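Let me begin by presenting the structure, written as structure tokens, before commenting on it.
The values are calculated or read from the model by the stated rules, or taken from the named source; none is laboratory data. Only a predicted model underlies this, so the values are computations on that prediction, with no experimental measurement involved. FYI the Cβ positions are ideal-geometry reconstructions off the backbone, even for glycines, and counts take in every protein chain you see. Surface accessibility is based on the protein's heavy atoms, side chains included, excluding ligands, DNA and RNA. Shrake-Rupley method; radii C 1.70, N 1.55, O 1.52, S 1.80 Å.
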Amino acid sequence: MRVLVTGGAGFIGSHLCDALVSEGHHVACVDNLITGSTRNIEQLRNESRFEFIQQDVSQPYDAGPVDYIFHFASPASPLDYINHGIETLKVGSLGSFHSLDLAKKYRAKYLLASTSECYGDPLQHPQSEAYWGNVNPIGPRSVYDEAKRFAEAVTMAYLRYHKVDTRIVRIFNTYGPRLQLNDGRVISNFMKQALLGEPLTVYGDGSQTRSFCYVSDEVEGILRLSRSAFHEPVNIGNPGEFTILQCAQLVLKVTGSISPIIHKLLPQDDPQQRCPDITKAKELLGWNPGIDLENGLKRSLEYFRQAVRMDHNTRAMEKAKA
């Protein structure tokens, strides 16, 4: 197939491009690089079945006939979507319309990358797809939460009104190689701080929980969903639940760091609990994550070491130029 991946130079998007190319598909990666990086797709540069198109999908575009569209374009970390709030709203709305219009035009199958943030600060635990969420529609995180909730609505509308063959994945916290070092997410924050010997910053008392899925498990679940005939949202995430404090302690163990842990005020609307109910994924897709957090951190360690060195060298060069 010829497959279009919007946001294909991003963290999960680039791993998805790798997997699709390895399956023998021709992949067109579309990304405006606002948060993605060509470093994430460097390994595909000489691959004849891969093409990179630098394009803002919030603007009208046409990448030519395609058989499948994976819409992954969007800032995804709190730091990124708060810094790029308007762009996040546009890619969730206009970007979704444009990618769905292409799917309609070329009769392509379609998969939307949605998020566990649709559940907000949940009152149900763990979160099943039937839960409608507890979201602040005007808070600082709303630019991302509501963009994704709208993207889900328009995806279902194109299924109902235009018969576009759609799927929706709700992605829970994912980590692994290519996760941006400075994007403010839990794993990247802790790994960077631990490797630099800096204090690990825990917001609040650290009792809030998250569930972390290693990127190869996440991509496998996404691909299985893409091959299914199920149209409603499906959670893909690891149900292993950790407090933020436990996560910090595990990072210290894996890195061998002796950094202390410090506490700061909890950000507004930060979810207290986040854990997927993956019953649907198990029953419909036969999918279950296989890599636990400790092993995933070990697999990610060398990447983060290199990223810290690269970041240090870049900062040193910028300082020297100044």
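Some observations on this one:
- Annotation: peptides 156-162, 33-39, ranked by per-residue average of other Cβ atoms within 10 Å with the highest first, follow the order 33-39, 156-162.
- Where only alpha carbons of the stretch 163-207 are counted, the Rg and the Dmax (Å): 15.6, 54
- Helix 11-22 vs. the chain, principal-axis angle (Cα, 0 to 90°, nearest 10): 50
- Solvent-accessible area per residue, Å², over the chain with all protein chains present [probe radius 1.4 Å]: 44
- Restricting the stretch 107-138 to chymotrypsin sites (Phe, Trp or Tyr not before Pro) in coil, as DSSP defines it, with at most 14 other Cβ within 10 Å: 132
- Rg(Cα)/(2.2 N^0.38 Å) for the stretch 232-306, N = residue count: 1.37
- Fraction of alpha-carbon pairs over 21 Å apart in the stretch 157-289 - percent: 50
- Phi-based couplings in Hz for the stretch 96-110 (Karplus 6.51, -1.76, 1.60; Gly and Pro marked x): 5, 4, 5, 6, 5, 4, 5, 4, 5, 4, 9, 6, 8, 6, 8
- P(r) weight above 19 Å for the stretch 89-174, C-alpha pairs, percent: 40
- Crossing angle, helix 244-255 versus the chain [Cα axis fit, 0-90 degrees, rounded to tens]: 80
- In this label model, residue 201 and residue 38 are separated by 3.1 nm, measuring between points 7 Å along each Cα→Cβ vector.
- As a fraction of the 1.4 Å probe accessible area of the chain, surface on carbon and sulfur atoms comes out at 52 percent.
- Of interest is the spacing of the C-alpha centroids, which for the stretch 56-132 and the stretch 1-43 amounts to 15 Å.
- Between 0 and 90°, nearest 10: helix 293-321 axis offset from the chain longest Cα axis: 80
- Residue-wise HN-Hα coupling along the stretch 170-178, computed from phi with Karplus coefficients 6.51, -1.76, 1.60 (Hz; x: Gly, Pro): 9, 8, 9, 2, 10, 8, x, x, 5
- When the chain is reduced to its Cα atoms, the Kirkwood hydrodynamic radius in Å: 20.0
- Nonlocal amide H pairs with residue 115, under 5 Å, H built at 1.01 Å: 171
- The helix-only estimate of mean residue ellipticity at 222 nm for the chain, built from DSSP H runs of length n ≥ 4 each weighted as -39500 (n - 2.57), is -13000 deg cm²/dmol after division by the residue total.
- Summed over all non-identical Cα pairs, the Kirkwood treatment of the stretch 13-171 gives a radius of 16.4 Å.
- Scattering profile of the stretch 1-77 at q = 0.27 Å⁻¹ [log10 I(q)/I(0), Debye over alpha-carbon scatterers]: -1.39
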